[in-house]
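One structure is given below, encoded as structure tokens.
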Amino acid sequence: MTGERSVFIDGEAGTTGLQIRERLAGESSIRILSITPEKRKDRDARRALMAEADLVVLCLPDEAAKEAVALAAELGEDGPKIVDASTAHRVSPGWIYGFAELDGDQAQKIRSSRHVANPGCYPTGAIALIRPLVQAGIVPAECPVTINAVSGYSGGGKSMIETYEPVRTAPNFELYALGLEHKHVPELMAYTGLTRRPIFVPSVGNFRQGMLVSIPLHVDMLPGHPGIAEIEAALTRHYAGAERVRVVEGAASRIVRLEPEALNDSDDLELFVFGTAAYGHALLVARLDNLGKGAAGAAVQNIRLMLGC
């Protein structure tokens, strides 16, 4: 990239917005445009910054993100590129999914796109595990899959953070979305390749950030009865050369416990395959920082691609 590029973070006062701003502060080729607090909801002030920006990051609730996209569209061809960190456009036509390692050409799609939807934190881990196995024919598209996940409380945004900080009023651990309805499920189905709706069981623990996403499989019920080594090899092939996604090889023979905070303050994603042939069981696990690769880290990765950094 030649010359300085400007980025406006619409919603920079939120958890993800602050994290993105902090990461971009170290980019000498990027100038961050800020809006004064009293004008954060001022339509004209926001539109003026959008007109000045090369790229706008939306860290807003879904409806507000849709309104922001419409506001940017008023600028026509002079409008900025957009990275939307909300759920609003993740399965919308015309939007590119911002998981750069999704497939071999995904980074190029992001690079050439004007509208990129940042992935959700839970889906990032689950899609990273399932999609390569569906593509390899190891997991059938119609396979019944359960996705269990635990996140630090920062994943719930300002309202949840306030139940833990400064004085905790929330429980140490809780399951939620027990009606089996969650806004991430359409995203999971769109990008895993699964045609049967997965059972998604999210939970939150008494730690600020970090995440584990785990998917148990009855491998003795899968076509060809794949072994742990075969599953691990398929993931390794898919992510060969990936900068931010790493398959931890041989995990089944040397790791007996996993904790969710090991990748905190990084933008990396680790994938593990556990299991035993004796029972025909496997356990796939993704570990990431829900504020890193699960949110701000992915957004900055997309921003760099879209601006040619």
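Here is the size of the range 156-214 from its Cα atoms: Rg then Dmax, 13.9, 43 Å. Dividing the summed -39500 (n - 2.57) terms of all DSSP H runs of n ≥ 4 by the residue count of the chain sets its mean residue ellipticity at 222 nm at -8500 deg cm²/dmol.
Orientation-averaged projection of the range 23-175 equals 12.5 nm² [convex hull of Cα atoms, one quarter of hull surface area]. Within the range 69-123, the proportion of C-alpha pairs whose separation exceeds 18 Å stands at 32%. Computed over the range 1-72, the convex hull of the alpha-carbon atoms projects to a mean area of 4.8 nm². Each semi-axis of the equivalent ellipsoid for the range 189-231 is √(5λ) with λ an eigenvalue of the Cα gyration tensor; in descending order they amount to 26, 16, 10 Å.
Counting only DSSP beta bridges with both residues in the range 114-212, what percent are antiparallel, rounded to the nearest 5?
Among the beta bridges of the range 114-212, antiparallel pairing accounts for roughly 40 percent.
Taking all protein chains together and rolling a 1.4 Å probe, residue 31 ends up with roughly 100 Å² accessible. Using only Cα atoms, what Kirkwood radius does the range 39-81 have, in angstroms? Hydrodynamic radius (Kirkwood, Cα pairs) of the range 39-81 is 10.3 Å. Net charge dipole, the chain: roughly 80 debye, given to the nearest 20, about the Cα centre with Cβ charges of +1 for Lys and Arg and -1 for Asp and Glu.
Taking 60, 283, 271 as the candidate residues, the one with maximal mean-square fluctuation in a Gaussian network model of the chain, Cα springs under 10 Å, is 283. Translational diffusion coefficient of the range 117-223 (Stokes-Einstein, Kirkwood radius from Cα pairs, 25 °C, 0.890 mPa s): 166 µm²/s. Among 187, 38, 74, the residue with the largest mean-square fluctuation in a Gaussian network model of the chain, with springs joining Cα atoms closer than 10 Å, is 38.
Two-decimal Rg/Rh of the chain from alpha-carbon positions, Kirkwood Rh?
For the chain, the value is 0.98.
In a DSSP loop and with at most 16 other Cβ atoms within 10 Å, the trypsin sites (Lys or Arg not before Pro) in the range 120-183 are 168, 183. When the chain is treated as a Gaussian network with alpha carbon springs shorter than 10 Å, the biggest mean-square fluctuation among 149, 117, 25 belongs to 25.
The values are calculated or read from the model by the stated rules, or taken from the named source; none is laboratory data. None of these values were measured; they are calculated from a predicted model. Quick reminder, even Gly has a Cβ in these numbers, built from the backbone with ideal geometry, and neighbours come from all protein chains shown. Calculation scope for accessible area: heavy atoms of the full protein, side chains included, ligands and nucleic acids excluded. Shrake-Rupley method; radii C 1.70, N 1.55, O 1.52, S 1.80 Å.
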